Every structure is written in C-alpha cells, then in structure tokens.
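Novice: Dumping the structure here so I can ask a few things about it.
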Amino acid sequence: MPPRVLIVDDEESVTITMAAILEMDGYSVATALRGDDALSQIAKEEFDLVLTDLRLDDFDGMDVLAAARRRSPNTVGIVLTGYASLESAVTALREGAYDYMLKPADVEELRATVARGLERRKLGQQLRERVADLEAANRTINQLNEGLQDRVAQATADLQAHVHELDEAREALQTSYEQLQELDKLKSQFLSIASHELKTPITAMSGFVQIAVRRIKRRLGAGRPTEADWKKEEETLLEQLEVVQRQTAKLARLVDELLDVSRIESGRLELQVADVDLPELIAEVMRRHELIATRHQLRLHYDPDQTLGVRGDRDHLEQALNNLVGNAMKYSPEGGAIDVTVARAGEQEVEFSVGDHGIGIRPAELARVFGLFYRSPDRLARDVGGMGLGLFITKEIVDRHNGRIWAESEVGQGTTFHVALPATVAAAVEA
Ligand code: ADP
C-alpha cells in the first residue's frame, strides 16, 4: 500500500501542483481546500502524512494536524507557511509538527521533506515495534523468572518439609531408643529382683522343711513320745507347715503374676465377661485382706441405693482390686485407714478408688508406676518387696474393660488409685 498523504490549502493551484508532484513519487494523495473538509476526510481514513497551510480560511492549520494525530498518533505533520508567519511555523514545530516549508514550495524540497517525514514515520514505527518486542521478551523473562522463583520456593519448602520429617523421625528414633534402654535397665533390675523374690520363700520353705525332716527322724529314732511331748512337737510342726503354706501361696502369686505378664505380652489375656456387682466383689476382696491386716482398718464406702454394676471379668477385676488393696497395705507400713469407695461417676461410669495414708508417690512417678517392671527408686518403697508387675497387670485389665486408671498422691501423706469402668446401666436409664 502506498503511503497516504493529505494536502490542505485554500489555494487550489497549490494543492493540485503538490498532489501531482507527490503522486509521481508514488504516494496516494488526497486534497482539501477547507479545514472542515480536511477534518471530515481525517474522520473517514488514516493519513500517514498531512501537509497543511497554517492559515486556512476557516481554520487554524494546527487544529487540522491535531485532529489527524488524534485519529492516528503516528501521522507526520508538515506545515506550509509564507515568510510573514515564520514565527507561527516555529510555534507549530514546538507543538509537534515534524517540519515546515515556505510557500511557494520548491519541488525538490517538497519531495525531500515528504520523503524524510515518511522515513521518520517508518523509523518511529520500527522503533516502537522493537520496543514492543523487547517489552514482550521482558515479560516472558519475568514470567520465566517468576516460574523459576516459584519452583525454587517450592523446592525449598519441599526440602524444609523433608528436613522436618527427618528431624521428627530422628526424635522418634531417639525416644524409642531411650525407651528401649529404660526397658532394658528395668528388665535387668527385674531379673535380679525376681530371683530375689522367688528365692526368699524358697529359702524359708526349704529351711523349715529341713528342720521338720530332722525332727521327724529324731523322733523316729527316739521311739514313742509322751502325750505332752507329742502335742508340743505336733504344734511346732504345724507352725512350720503353716509358714510353708504361706510361702507357697506367695510363690504361687508371684508365678501367677509372671504368667499374667507373659499372657498380656503375647496378647493371650482372655476375659470372661459377665455382670459384676462391684460392692459385693470389693467387700469379698477386703474381707480376705482383713484376715491378715494387723495395722490397717479397711473401710468400704458406697450408697446401697445406687446400681453399681459393671460388665467385666470377675476374676480379673478381683485381681486388679487385690493388687490395689495389697499395694495400699504394702506401701503404708505404719498402718492407718484404707478407704475403698465405689460410686457412680457421670452417666456412663462407675468409679472405685483405693486410698491409703502411706509413703506416697512423687509426682514425676505417678504415670510411670503403671509401666512394666517399674519399681520406685525411693528407699521406702524399695524396702517393701515386689517385682513391679502388679500395676502393669492392673492397668492392662482396666484397659481391656475400656476403663481408665490413674493415681493421686502426696509424698508422706498417702496415695489414692482411681479406676473408672463403663457402667452396666446408664445413670439416666436407672432413674
Ligand atoms: P510392686 O508393688 O510389685 O513393686 P506394682 O506394679 O504394684 O509393683 O507397683 C509399682 C510401684 O508403684 C511400686 O514399686 C511402688 O513404688 C509404687 N506404688 C504402687 N502402689 C503404691 C501405693 N499405694 N503407695 C505408694 N507407692 C505405690
């Protein structure tokens, strides 16, 4: 497409001449003799170059240029002026016209000025295109950069997450390692305590059995005793046999505990579930302990109007109670009251507690006493025999009943163990 040129001048001879010259140079030329005609042509199409007289009859030539540039900002404006208005030509240049020519225009000057103007327009356009290309490239680079930053940020976050996971794994490993070490230590302690615990009754029994054997042999050698001697010897023998009987029972208990732990550890602790009347079971356990209690008063508290039944394994619940009442007596060597309370707790639970006035448990140990093999390092607690299995077994039994067990204690004041079990009948139903 040839460049479009508009020539505006109120002298027709000027427009015709100029148009002819420029058309010969290959431009497509339009002409206007009046400002308003020029404006309407500009409204219809875009011109690459507008040549206008500064002083038209009806218009200021600058207004024509302004209209052309509003329509298309790249339009090159050239003003035509006589000598008289050279000053206004300078103003026109300041206001954005590209060049000016004095009338009458010289042919070569006209051709050169128009060609220069159009060349400049082309260069300007190329420059703008380059700038646009550069801007587009810049945007692409920015996008790439942002993408890269995103990926770096993502990779950094991933890495941090991994480091965090590793840290956690390391901590977990460290904890397990410490737990294993602790368990290993407790196990060695347990082995020495267990052998001691088992050895003591065996030593006592074998001592008493040896003496009894010797006595019987001596009697057999000495012949029939008198009635009085016989009675005395039988009484001594009976006393010794009773000691042996007590030690046998203790041994049996220890072995039972070991068997229970082994069953728990291998997941073979079986429950025979039935309705259990807790106050009745507790009273029975307490009666048995009362028989051997010399320093303690065992007291049971409950409201006979409450339904205090649970679903559970009677034998194992009895074992749990035995452990708690037994411990309460063991760890209150000075004696005192042992209070066993059973009552409803909330709508769904029955709670019993066993409280003593004994040596107590330090706060740091309150949760640990339920651990396997755990025995307090406290000297007062160490003085009392035990293998550190009772509370572990008790907690396991309570857990298997979907219950909870916890202890409250004050050193030197006493300890209360609490056990909450799901009630057979919800409190709301009972009412
Ligand atoms: P054992 O009595 O055979 O050592 P347990 O598992 O029954 O084992 O108890 C673990 C530890 O908890 C005991 O060694 C003792 O330190 C502490 N403990 C248990 N019951 C009481 C209690 N009523 N008062 C004070 N300490 C207790």
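Novice: Based on what the data block shows, is A367 assigned by TED's automatic domain parsing to the domain that holds T307, within 30 Å of S262 (Cα to Cα), out of contact with any Pro (no Cβ under 9 Å at 6 or more places or on another chain) and at pLDDT below 95?
Specialist: The answer is yes for A367.
Novice: Which pairs do you get when a residue that is over 15 Å from Q306 (Cα atoms), found in the stretch 262-283, comes within reach of a residue that is among the polar types (S, T, N, Q), reach meaning Cβ atoms under 7 angstrom, with the pair 6+ apart or on two chains?
Specialist: Pairs found: D275/T424.
Novice: Scan the stretch 355-362 and give yes if some residue there is among the acidic types (D, E), within 12 Å of the ligand (Cβ to nearest atom), out of contact with any Asp or Glu (no Cβ under 7 Å at 6 or more places or on another chain) and touching a residue at least 24 places away in the same chain (Cβ under 8 Å), otherwise no.
Specialist: yes
Novice: Are any residues in the stretch 259-296 closer than 19 Å to L324 by Cα and not in a helix (DSSP H, G or I), and if so, which ones?
Specialist: V276, D277, A293, T294, R295, H296
Novice: Give the residues of the stretch 366-385 that are more than 7 Å from the ligand (Cβ to nearest atom) and either buried (at least 20 other Cβ atoms within 10 Å of the Cβ) or within 39 Å of the chain's Cα centre (by Cα) (or both), sorted by residue number.
Specialist: Across the stretch 366-385, the qualifying residues are L366, A367, R368, F370, G371, L372, F373, P377.
Novice: For the stretch 290-316, what are the residues that are within 16 Å of the ligand (Cβ to nearest atom) and either buried (at least 18 other Cβ atoms within 10 Å of the Cβ) or not assigned by TED's automatic domain parsing to the domain that holds G386 (or both)?
Specialist: Passing the criteria: H296, L298, H316.
Novice: Follow-up question, since we're still on this one. Condition first: surrounded by fewer than 17 Cβ atoms within 10 Å (Cβ to Cβ) and either touching a residue at least 60 places away in the same chain (Cβ under 8 Å) or over 14 Å from L110 (Cα atoms) (or both). Now tell me which residues in the stretch 5-20 satisfy that.
Specialist: D10, E11, E12, S13
Novice: Could you check the stretch 386-404 and list, in sequence order, the residues that are over 13 Å from G371 (Cβ atoms) and more than 8 Å from the ligand (Cβ to nearest atom)?
Specialist: Within the stretch 386-404, I397, V398, D399, R400, H401, N402, G403, R404 qualify.
Novice: Does R344 satisfy the criteria of being more than 8 Å from the ligand (Cβ to nearest atom), of a type in the set (K, R) and in contact with a helix residue (DSSP H, G or I) (Cβ under 6 Å, 6 or more places away or on another chain)?
Specialist: Yes: the conditions hold for R344.
One line per residue, one yes/no per condition, for (1) within 13 Å of V5 (Cα to Cα); (2) surrounded by 13 or more Cβ atoms within 10 Å (Cβ to Cβ); (3) free of Cβ contacts under 8 Å to residues at least 60 places away in the same chain; (4) among the small types (G, A, S):
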| residue | (1), (2), (3), (4) |
| --- | --- |
| E23 | yes, yes, yes, no |
| T31 | yes, yes, yes, no |
| T81 | no, yes, yes, no |
| S85 | no, yes, yes, yes |
| L127 | no, no, yes, no |
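The values are calculated or read from the model by the stated rules, or taken from the named source; none is laboratory data. In this text, all values refer to a predicted model and were calculated from it rather than measured experimentally. Using ideal geometry, Cβ is built from the backbone for each residue, glycine included, and neighbour counts are taken over all protein chains shown.
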